[in-house]
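What follows is a short report on a single structure.
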């Protein structure tokens, strides 16, 4: 197996540097945001829910509440997922392994994206809900969670129809769809997120898209599956109820699992 190449990754929307290894980890204010993995999170069908619904459910479970989550911009929703991801994984950066953008190169490339930079973008999104395009002839808003759900339900894939739904003022027919798309990508970098990467083997440099929402939801699904496995193993070994197992601190659950596996028998 080829070892992943280490590359310098640049955010397409802002220049940031990777945090020092001894830098303090990001933590949300206590009492507002929490990690995914509590007992009630097992009720979510992370494999069966459509993406907009899954994102809304996670934000409702782990966020501060008091907000119409469907009315939030997709960028703000992604920012919330990143905050929960940081708390769940105890990481201050996304550690990614992406494929080389070169057509004939399969070198895996590693990159780190500081979560603090992503949260800054989400704050900027909340502060600037609209943008102008087509020399000021069009004013468009950021897509919201309810837009995602509506487009998914309608099977909408036509870019012109998507832009028309986001128009606050002006006639979408007056704009060039390609230029509008480019303007929206620049305006909403968390939605169309990418990393500029250069392969050390073939030298290809290109923007590599990163699905931040999908990455976070997949991580939460893995956390949920791991928790369900822990419950299963401890219930089989000790006859405890799900409620009793989930009431244990994670460190104690891991200790009992080590004992079951025989790793801590002599400790």
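The values are calculated or read from the model by the stated rules, or taken from the named source; none is laboratory data. Predicted model only: the values in this text are computed from it and were never measured. Here the Cβ is made from the backbone with ideal geometry for all residues, glycine too, and neighbour counts use every protein chain on show.
When you go through 225, 206 one by one, which is the residue that is out of contact with any helix residue (DSSP H, G or I) (no Cβ under 8 Å at 6 or more places or on another chain) and not in a helix (DSSP H, G or I)? Unique residue meeting the criteria: 206.
Filtering 226, 237, 221 for residues that are under 28 Å from residue 85 (Cα atoms) and either free of Cβ contacts under 8 Å to residues at least 40 places away in the same chain or in contact with a strand residue (DSSP E or B) (Cβ under 8 Å, 6 or more places away or on another chain) (or both) leaves a single hit, 226. Within segment 168-187, how many residues turn out to be at pLDDT 90 or above and surrounded by 14 or more Cβ atoms within 10 Å (Cβ to Cβ)? Qualifying residue count, segment 168-187: 1.
Evaluate the following for residue 106: is it farther than 22 Å from residue 76 by Cβ, touching a strand residue (DSSP E or B) at 6+ places or on another chain (Cβ under 9 Å) and assigned by TED's automatic domain parsing to the domain that holds residue 184?
On the way: farther than 22 Å from residue 76 by Cβ: yes; touching a strand residue (DSSP E or B) at 6+ places or on another chain (Cβ under 9 Å): yes; assigned by TED's automatic domain parsing to the domain that holds residue 184: yes.
In short, yes.
Yes/no per residue for (1) free of Cβ contacts under 8 Å to residues at least 12 places away in the same chain; (2) closer than 30 Å to residue 89 by Cβ; (3) not assigned by TED's automatic domain parsing to the domain that holds residue 206:
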site: 114; (1), (2), (3): no, yes, no
site: 132; (1), (2), (3): yes, no, no
site: 141; (1), (2), (3): no, no, no
site: 174; (1), (2), (3): no, no, no
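For residue 198, are the conditions met, namely being under 28 Å from the mean Cα position of the chain (by Cα), surrounded by 13 or more Cβ atoms within 10 Å (Cβ to Cβ) and outside the structural domain of residue 95 (by TED's automatic domain parsing)? No.
Among the listed residues 95, 76, identify the single one that is over 30 Å from residue 243 (Cβ atoms), in a helix (DSSP H, G or I) and either modelled with pLDDT of 95 or more or assigned by TED's automatic domain parsing to the domain that holds residue 152 (or both). Before the answer, list the steps.
Details: 95 fails: in a helix (DSSP H, G or I).
The unique qualifying residue is 76.
Outside the structural domain of residue 228 (by TED's automatic domain parsing), at pLDDT 90 or above, over 21 Å from residue 223 (Cα atoms) and exposed (fewer than 13 other Cβ atoms within 10 Å of the Cβ): is that true of residue 124 in this structure? Here the answer is no, as residue 124 does not meet what is asked. Checked against (1) touching a strand residue (DSSP E or B) at 6+ places or on another chain (Cβ under 6 Å); (2) surrounded by fewer than 19 Cβ atoms within 10 Å (Cβ to Cβ); (3) assigned to a helix (DSSP H, G or I), residue 132 meets all criteria but (3).
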